[in-house]
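The block underneath contains the structure these notes are about, expressed in structure tokens.
What follows is calculated from the coordinates using simple rules that are stated; it is not laboratory data. Since the structure is predicted, the reported quantities are computational estimates derived from the model, not experimental observations. Here the Cβ is made from the backbone with ideal geometry for all residues, glycine too, and neighbour counts use every protein chain on show.
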Ligand SMILES: Cc1cc2nc3c(=O)[nH]c(=O)nc-3n(C[C@H](O)[C@H](O)[C@H](O)COP(=O)(O)OP(=O)(O)OC[C@H]3O[C@@H](n4cnc5c(N)ncnc54)[C@H](O)[C@@H]3O)c2cc1C
């Protein structure tokens, strides 16, 4: 038998679902394909277990695509005394940056500008904070070559990195480093495809209606057909939706909003910013430059009680709040009309005793229900691997599955490879596809129309869309524009890119062969 490859596409989905519907029993059924569920599928499959993983929508449909796209070292948890969470974050950041996904995570410099809003004592405290963050890096054995040393910057150096900062009263800055993802949804795609390479059946558009200790009732969202999937263990990784599938799980989602701006609106910053939120101590907004000519500004933390929407929407009040924070520090005025997009995500926080959602612990939880279903929830993108390990350990123990030890700290994700700098492919493609960048570039070389941007001025080219259809499980325009690429974060760009997406979908493979 030839080993399964990592390519996901419509034909493989159809075959995998048909096998499960015909009664195949898998060791582990994973429900939810965000970072956590994809991580669970990879962890279990790489231990030698047979795995099926389903999502009601698509890879990274939920919170995992609405994050700040940081792989962070947990400094803020240190500040709130959650030492264990901080250390775990720093360790997982090191695993991603140095071993499993160096192509997807880069070191991003951050500047905390010492404006008149930051008192002398606050500056001293912040400097001590970033030094503590550097100790976290050290304790996690992440090399300085991966994350450089924090240091004090002069006002001139600060303005060189972020020219749009207001120079009046600027005393300098504090430079620190953290991990930044090329894109969060791409991380999920890479994890899911790596799981597929280990034999996991990855099935999108497949909604679980009810979970049992030995399987689930599911519905194929493409055809409406209902099936039972049988499994020796079931793991619920549905994030903010977890409470709907498991008894006794209470979540208190909190909404986080980001703005999308064109980089030139902010003078093309070369570093991220920690911007003090006026009137608070120790709370910062983030300015996050991306490599596609956009900058994200985030982030809010608002309780989001009530029914959980498929796609959360930012409120005008949140947008106004973020604009005010930016305005407090920049020379250039940033107006509502400069906001070309905005997105919001719901943090899957477990309900705790009292307290605002901002104060709830960010530690993850693994809970086994009376029916034997294991739920894994909370945590963050950065710690998905550890969450997955803990969930699979619980399933193995609870259901007596024969499996080897966890291997994922040393398992490179699809695209990871040493010496990526030597690839003869455009650097932007290498940052998003790693070693596969040459294959994406080859599509463009074979058909020059695929070398064209999907919209005028866009960094995304047509070859990326075709690649997503052939190898990354994209089934429709939304998969292409809203998750495999992030063109859709700006609605005018999304509209303009629809024809390119439709052309790419003509490459959809069918169960009987390419169309
Ligand atoms: C605004 C914001 C910023 C953040 N920034 C960061 C950051 O910079 N770094 C970081 O490390 N963390 C960050 N986080 C936290 C992180 O994004 C989340 O903890 C993480 O993405 C949660 O992933 P998940 O897989 O558990 O959930 P999700 O990504 O929500 O995945 C759940 C999946 O389950 C599926 N599903 C739901 N119901 C069903 C069903 N019945 N059947 C089948 N499938 C179903 C959904 O379609 C979805 O794809 C941020 C969170 C927010 C909200």
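Quick notes on this structure:
- Packing, taken as the mean count of other beta carbons within 10 Å per residue, orders the peptides 262-273, 277-288 from highest to lowest as 262-273, 277-288.
- The listed peptides 391-402, 464-475, ordered by packing as a protection proxy, come out as 464-475, 391-402 (highest mean of other Cβ atoms within 10 Å first).
- Rounded to 5, the percent of DSSP beta bridges in the chain classed as antiparallel: 75
- Pair-distance profile P(r), taking every C-alpha pair of the stretch 207-284, with 5 angstrom steps and integer %: 3, 10, 13, 13, 11, 8, 8, 8, 9, 11, 5, 0
- The stretch 137-191-the stretch 1-79 distance, computed between alpha-carbon centres (Å): 31
- The rule of thumb for compact globular proteins, 2.2 N^0.38 Å, goes into the C-alpha radius of gyration of the stretch 1-157 1.41 times.
- Förster radius 30 Å - calculated FRET efficiency between residue 439 and residue 141 (Cβ-Cβ, nearest 0.05): 0.35
- Rounded to the nearest 0.05, the FRET efficiency derived from the C-beta distance between residue 268 and residue 324 at R0 = 30 Å is 0.85.
- Between the stretch 474-492 and the stretch 209-265, the Cα center-to-center distance that results, in Å: 20
- The tail of the calculated P(r) for the chain, taken as Cα-Cα distances beyond 44 Å, holds 12 percent of the pairs.
- Between residue 371 and residue 419, the modelled labels are 5.3 nm apart [label points 7 Å from Cα along Cα→Cβ].
- Calculated SAXS-style log₁₀ I(q)/I(0) at q = 0.14, 0.21, 0.27 Å⁻¹ - the stretch 444-515, Debye, Cα scatterers: -0.37, -0.81, -1.25
- Our analysis of the stretch 362-515 gives Rg over Rh at 1.08, with the two radii drawn from alpha carbon positions and Rh computed by the Kirkwood formula.
- When both the stretch 363-432 and the stretch 108-131 are represented by their alpha-carbon centers, they are found 34 Å apart.
- Computed log10 I(q)/I(0) for the stretch 66-112 at 0.29, 0.31, 0.33 Å⁻¹: -1.08, -1.10, -1.12, from the Debye equation with unit scatterers placed on every C-alpha and solvent omitted.
- Relative to the current alpha-carbon distance between residue 337 and residue 506, full extension at 0.36 nm per residue lengthens the span by 57.2 nm.
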